[in-house]
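The values are calculated or read from the model by the stated rules, or taken from the named source; none is laboratory data. Note that the coordinates shown come from a computational prediction; the quantities given were computed from them, not determined experimentally. Cβ atoms come from the backbone with ideal geometry, glycine included; neighbour counts cover every protein chain shown.
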Amino acid sequence: MQLKIISFIIVFILCGKVSAQNFYDPSTIQKIEIQFTQPNWDYQLDTAKAGTEGYIMAASVTINGTYFDSVGVKYKGNSSYNPTYTKNPLHIELDGFKNQSYLGVKDIKLGNGYADPSMIREVLAYDILKNYMHCPQANFAKVYVNGAYFGVYSNAESIGKSFNANHYFSSNNTAIKCNPIVNPSTNTKCNLKYFTTGDSSNYFNFYELKSNYGWNQLRALCDTMTNYQSKASSNIDIDRVIWMLAFNNVIVNLDSYSGAFCQNYYLYKDHTNHYNPTIWDLNMSFGGFPFLGNSNSSLAQLSITNMQQMPINIHATDVYWPLINIINNNSQYKKMLVAHMRTITNEYIASNLYVTRAQQFQTLIDTSVLSDNNKFYSYSNFQNGLTQNVSVGSYSVPGISNLMSSRLSYLQGTTDFNYSTPTITAVSASNSSPAINSTVSISANVVNTNTVYLGYRTHTQDKFTRVLMYDDGAHNDGVASDNIYGANITITSGETEYYIYAENTNAGIFSPERAEHEFYVLQTTLAQPTLGQVVINEFLAANNFGQTDENGKHEDWIELYNNTNSVLNLSGLYLSDDYTNPTKYTFPNNTIIQPNSFFAIWADEDNVNGTTLHCNFKLLDSGEEIMLSSGTTVLDSVRFGFQGADISIGRCPDGTGSFGSTTIPTYNTNNCAVGIKELTNESIHINIFPNPTSQSITVQTNSEEELPVLIINSLGGEVYKETIKGIKTINTSTFSQGVYFVRVSNTVTKLIVNH
């Protein structure tokens with residue numbers, strides 16, 4: 001059986017998120033033109049940088065010919081910024097003053113090439129890293145200010161809510177930027193070391209919170225990473241930590257967690273309650289930052305020779321680098337670290353692929369660099385950036401290949417790289433097209449091993465579960481001791497993703513070698529629905545107080561219903577709000593709907609696919625259409641008119657009934673409640689008086705929490721909206737005479753206004 005190997009990035013593209021990739025296509029150079037009306041715009045940007053780092057409004061920004069007015073611009077960076085520089089790093093926020101984006105991109109981060117004579121380090125490093133863990137996309141941009149060419153910049157994708165949603169499937173959880181707020185030193189590290197005294201305020205100068213909450217969670221994470229290291233895998237994604245450390249070590253990226261300041265990475269807590277590290281700021285990779293650091297508060301500056309021969313086990317026993325302690329002091333994690341280092345080394349360094357990519361980038365930007373009069377180094381330094389060492393203040397930045405060719409020799413000569421690894425071949429599944437709830441045996445031929453594991457998961461957004469594989473003749477593995485290892489798993493979703501890991505006393509290996517970032521995929525055989533089997537069941541086009549998505553936002557939604565007793569496959573079907581464009585949103589791979597069950601999709605233009613789906617359009621409360629189709633066959637459709645706030649339209653009975661307005665939306669649950677009481681929390685008592693009324697009403701509740709109050713007229717129009725706690729008097733003297741509906745939480749009461 002031929003199994004496909006799919007990295008997340010490929011799955012990501014198949015889900016339809018390709019627009020932003022055009023802006024970060026590494027084979028292109030973006031053109032960004034900034035226009036300020038302020039004659040002292042540079043002084044204003046410097047002043048803002050020295051103060052609160054607020055944005056200055058540019059009159060316009062034009063990107064590849066697309067014009068945007070009223071755009072936020074500020075200087076960014078620490079060592080790369082200086083008020084004396086003409087070419088400072090820039091942060092452009094297209095939606096800083098009005099809602100606008102370019103190809104879905106709102107934040108633009110531009111690096112000025114500081115401390116990089118080659119001018120390609122950042123883009124080259126991300127080009128390598130993207131094959132092994134989630135990271136920003138990056139390419140180059142030519143920047144103009146008020147018509148003057150300011151030079152070539154690196155253009156790296158911002159790590160924010162959009163990035164986290166696309167890669168970690170939510171955006172409203174704890175997010176932390178790990179860069180010291182104070183000037184970095186060896187004692188101001190973002191190293192996840194726990195402070196034994198004090199509270200979460202101890203961490204304020206070391207980390208920057210990018211979410212609405214999380215300081216106590218960060219403190220708890222540091223406690224685990226420092227004091228309960230055996231429990232680290234329950235709190236942080238260990239495989240991504242290992243890839244991060246492997247990458248930093250191989251290419252000598254020390255302006256990172258691995259170096260003196262333990263900085264330039266982000267942490268995001270996903271729905272599995274694991275923190276995910278994301279590397280950031282690679283302009284000083286490939287030896288551009290020579291400071292390794294140590295526990296004696298020394299920067300421990302490395303020579304080029306030191307960097308070429310930097311050991312695998314740097315900081316392994318230094319308590320100021322707890323993540324490195326955790327990985328190096330766990331026998332299995334250490335073998336995985338070396339396995340990942342070997343993979344990067346073999347694929348990019350030993351193969352010389354990094355040189356090929358570097359030369360392609362040099363050719364791409366050559367003429368742009370030649371005319372860049374604000375660059376920090378000469379055109380000759382750029383041309384010879386692979387082979388020429390250049391003095392930068394107190395140290396020398398190595399030519400990229402000067403560093404890496406000797407580093408390759410060093411790594412390949414280490415004991416760890418020369419241990420005999422297991423060999424994994426003939427990875428296969430007993431059934432290439434299994435049914436839901438069936439059992440499948442995964443097997444592999446593995447030699448020179450003591451232990452073999454199968455890692456598997458049923459959804460891309462989940463963590464892998466790792467189980468032992470056996471060569472005992474009892475796990476569909478052939479006969480005992482024949483080097484065929486097997487394990488059984490139950491198929492519970494449309495796709496099952498898996499990999500093999502094997503180790504002996506000294507070394508480990510993955511199959512595929514880029515696991516867990518890449519994996520094998522087992523596709524379940526599931527029928528797609530035919531006409532009437534899956535239908536549009538309910539939808540809400542004006543969600544003010546109702547159900548929130550995983551980011552806490554009130555968004556439009558569409559609910560489907562499966563009328564059959566079978567699991568059905570929605571993958572590849574389409575949803576649209578335009579009959580003339582039926583393929584507007586494509587359901588991603590591994591999208592299934594359970595028998596006689598509901599399936600909700602957020603209609604919010606986010607086009608993010610994770611624990612819940614977000615399609616690429618919103619619903620108009622003034623009325624439009626919704627269509628579910630295969631692209632050629634319409635499975636169900638509905639046209640609707642004006643929809644009042646928080647009043648959905650749904651079928652009753654579910655799946656087969658006619659559409660009608662519902663006073664209370666029933667997201668992912670039955671539409672046909674017997675009465676309002678079924679949808680009311682019995683512990684909350686609500687009293688509304690007087691009724692009828694002329695001048696005012698009093699709303700009284702026994703809840704200690706704030707509850708939403710919504711009053712709508714008989715046409716569904718919203719006339720009042722607020723939250724209350726305890727008791728509230730509402731003025732109704734301006735209401736027209738007639739019938740209204742007062743909704744408090746999930747309770748609805750008819751109100752008569754009679755002047």
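Observations on the structure shown:
- Number of residues in the range 80-92 that are more than 16 Å from Tyr153 (Cβ to Cβ) and either out of contact with any Asp or Glu (no Cβ under 9 Å at 6 or more places or on another chain) or acidic (Asp, Glu) (or both) equals 1.
- Scanning the range 605-623 for residues that are at positive phi and either at pLDDT 90 or above or not in a loop (DSSP other than H, G, I, E, B) (or both) yields one hit, Gly623.
- Pairs, first more than 30 Å from Asn166 (Cβ to Cβ) in the range 614-638, second assigned to a loop (DSSP other than H, G, I, E, B) and not aromatic (Phe, Trp, Tyr), C-beta under 6 Å, six or more apart: Gly623/Gly641
- Residue, farthest from the chain's Cα centre (by Cα), within the range 638-677, restricted to residues that are assigned to a loop (DSSP other than H, G, I, E, B) and of a type in the set (A, V, I, L, M): Val674
- As a summary of the residue check, Ala58 satisfies the conditions (1) at pLDDT 95 or above; (2) surrounded by fewer than 17 Cβ atoms within 10 Å (Cβ to Cβ) except for the one numbered (2).
- Scanning the range 627-637 for residues that are surrounded by fewer than 17 Cβ atoms within 10 Å (Cβ to Cβ) and either assigned to a loop (DSSP other than H, G, I, E, B) or not small (Gly, Ala, Ser) (or both) turns up Ser630, Gly631, Thr632, Thr633, Val634.
- Among the residues listed as Glu722, Glu705, the single one being part of a loop (DSSP other than H, G, I, E, B) and either in contact with a Ser or Thr (Cβ under 8 Å, 6 or more places away or on another chain) or farther than 21 Å from Ala541 by Cβ (or both): Glu705
- Only residues that are under 35 Å from the mean Cα position of the chain (by Cα) and surrounded by fewer than 12 Cβ atoms within 10 Å (Cβ to Cβ) were counted across the range 465-493, and they come to 1.
- Selection status of Tyr419, modelled with pLDDT of 95 or more, closer than 22 Å to Ser80 by Cβ, out of contact with any Leu (no Cβ under 9 Å at 6 or more places or on another chain) and not β-branched (Val, Ile, Thr): no
- Members of the range 534-570 that are farther than 20 Å from Phe659 by Cα, modelled with pLDDT of 90 or more, buried (at least 18 other Cβ atoms within 10 Å of the Cβ) and of a type in the set (S, T, N, Q): Asn569
- Spans of helices (runs of 4 or more DSSP H) in the range 310-413 with at least 3 residues farther than 30 Å from Lys231 by Cα and either in contact with a Cys (Cβ under 9 Å, 6 or more places away or on another chain) or not assigned by TED's automatic domain parsing to the domain that holds Leu245 (or both): 353-370, 379-383, 400-412
- Answer from Tyr149, Tyr194, Tyr213 - the residue that is surrounded by fewer than 21 Cβ atoms within 10 Å (Cβ to Cβ) and assigned to a strand (DSSP E or B): Tyr149
- The number of residues in the range 414-429 being more than 33 Å from the chain's Cα centre (by Cα) and of a type in the set (Phe, Trp, Tyr) comes to 1.
- Failed item in (1) free of Cβ contacts under 8 Å to residues at least 40 places away in the same chain; (2) touching a Gly at 6+ places or on another chain (Cβ under 7 Å); (3) of a type outside the set (S, T, N, Q), with Asp318 passing the rest: (2)
Every residue, every condition in (1) at positive phi; (2) acidic (Asp, Glu); (3) exposed (fewer than 14 other Cβ atoms within 10 Å of the Cβ), yes or no:
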residue	(1), (2), (3)
Phe36	no, no, no
Tyr43	no, no, yes
Asp46	no, yes, no
Glu53	yes, yes, yes
Ser70	yes, no, no
Leu90	no, no, no
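- Residues of the range 459-479 satisfying the condition of being in contact with a strand residue (DSSP E or B) (Cβ under 8 Å, 6 or more places away or on another chain), of a type in the set (A, V, I, L, M) and over 30 Å from Ser170 (Cβ atoms): Leu468, Met469
- Checking each residue of the range 120-141 against the condition of being in contact (Cβ under 8 Å) with a residue 40 or more places away in the chain, surrounded by 22 or more Cβ atoms within 10 Å (Cβ to Cβ) and more than 22 Å from Ala358 (Cβ to Cβ) gives at least one match.
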